[in-house]
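Colleague: I'd like to ask you about the structure that follows.
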Amino acid sequence: MADEIKQKIVVFGAFGAGKTTMIKTIDPKSTHIEANCAGGTTTVALDFGRVELDGRQIHIYGTPGQERFEFAREIIGKGMDGAVLLVDAGSPLDEFTRHLYDSLTAANVPFVVFLNKCDAKAPVPAVFASAFGTVPVWTVSALDKKQCFGAIRRFTETLPVRTNGSGKR
Ligand SMILES: Nc1nc2c(ncn2[C@@H]2O[C@H](COP(=O)(O)OP(=O)(O)O)[C@@H](O)[C@H]2O)c(=O)[nH]1
Ligand SMILES: [Mg+2]
């Protein structure tokens, strides 16, 4: 049997940035898992979707957006080939998103910023164009299938691929 070509992509972003929406748009059969944490006051949410693009099996994971779930982000991020930092263009740039940007930069993993909710009429605030150093910033709407596929394809085709049993980090 021919080896499968795979890529693991992990989506990071603040709560409400649109991670679940984007993964659902890309893979309508994606899984959304929510668990109540001690005391039932916080819900930790994860997403997992799959898509085949140009013969590559792409596995997309959504991470919890709350600050205190750093450990979960670390576990989900293990072995990723690339990351997407999803940012809500309609909200002010928050400290947590800056922290995620710093963490991904430090991790030395290829990543892009998807500036989400760009379907709104309002112009995209200029702050986003200069906030992420040399990392590419692409505008998207997580509600728009064509845009989501286009952005994921454009990003993943720049990344190395792995085949079954190879390239695991
Ligand atoms: N207008 C608009 N709303 C969006 C978009 N993406 C997500 N939303 C909305 O933003 C809210 C939070 O999205 P969700 O996917 O739950 O965010 P998550 O916490 O990052 O998983 C939901 O009400 C979505 O319907 C988008 O591209 N455009
Ligand atoms: Mg979510």
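Computed from the coordinates by the stated procedures, all read-outs in this text should not be read as laboratory data. Here the structure is a predicted model, which means the values were calculated and not measured. We place every Cβ from the backbone using ideal geometry, glycine too, and count neighbours over all the protein chains shown.
Colleague: Quick one: which residues, 5 or more positions from L53 or on another chain, have an amide H under 5 Å from its amide H? H modelled 1.01 Å from N in the peptide plane, none for Pro or chain starts.
Modeller: I58
Colleague: Now, a different point. Give the relative contact order (percent, whole number) for the range 85-157; include only Cα pairs under 8 Å separated by 6+ residues.
Modeller: Averaging sequence separation for qualifying contacts and normalising by length gives 32 percent for the range 85-157.
Colleague: I've got another one for you. Taking the simple approach of a point 7 Å from Cα along Cα-to-Cβ for both E67 and I5, what is their distance in nm?
Modeller: Modelled inter-label distance: 4.2 nm.
Colleague: Note down the Stokes-Einstein diffusion coefficient of the range 58-107 in µm²/s, whole number, using a Kirkwood radius over alpha carbon pairs, 37 °C, and 0.692 mPa s.
Modeller: Answer from the Stokes-Einstein relation: 276 µm²/s.
Colleague: Need the list of aspartates and glutamates near K24 for cross-linking: C-alpha distance under 18 angstrom, and skip anything on the same chain fewer than eight residues off.
Modeller: Straight-line reach from K24, under 18 Å: E34, D47, E52, D88, D119, D144.
Colleague: Between N36 and A107, with labels modelled 7 Å along Cα→Cβ, what's the label distance in nm to one decimal, could you check?
Modeller: Those two pseudo-labels are separated by 3.0 nm.
Colleague: Most mobile of A89, A142, A35 per a Gaussian network model of the chain (Cα springs, under 10 Å)?
Modeller: Comparing A89, A142, A35 in a Gaussian network model of the chain, the most mobile one is A35.
Colleague: Would you tally the net charge around A142, using a Cβ to Cβ cut-off of less than 14 Å, leaving A142 out, and scoring K and R as +1, D and E as -1?
Modeller: Net charge around A142: 0.
Colleague: Could you work out Rg/(2.2 N^0.38 Å) for the range 5-159, with Rg from alpha carbons only?
Modeller: 0.98
Colleague: Restricting to the range 5-159, compute how many DSSP beta bridges are antiparallel as a %, nearest 5.
Modeller: 40
Colleague: Nearest 0.05, what FRET efficiency do D54 and E74 give at R0 = 30 Å with Cβ-Cβ as r?
Modeller: The value I calculate is 0.50.
Colleague: Still on this structure, I have one more. With the dipole of the chain worked out from charges on the C-beta (+1 for Lys and Arg, -1 for Asp and Glu) around the Cα centre, which of L159, N116, P136 lies farthest toward the positive end?
Modeller: So the residue we want is L159.
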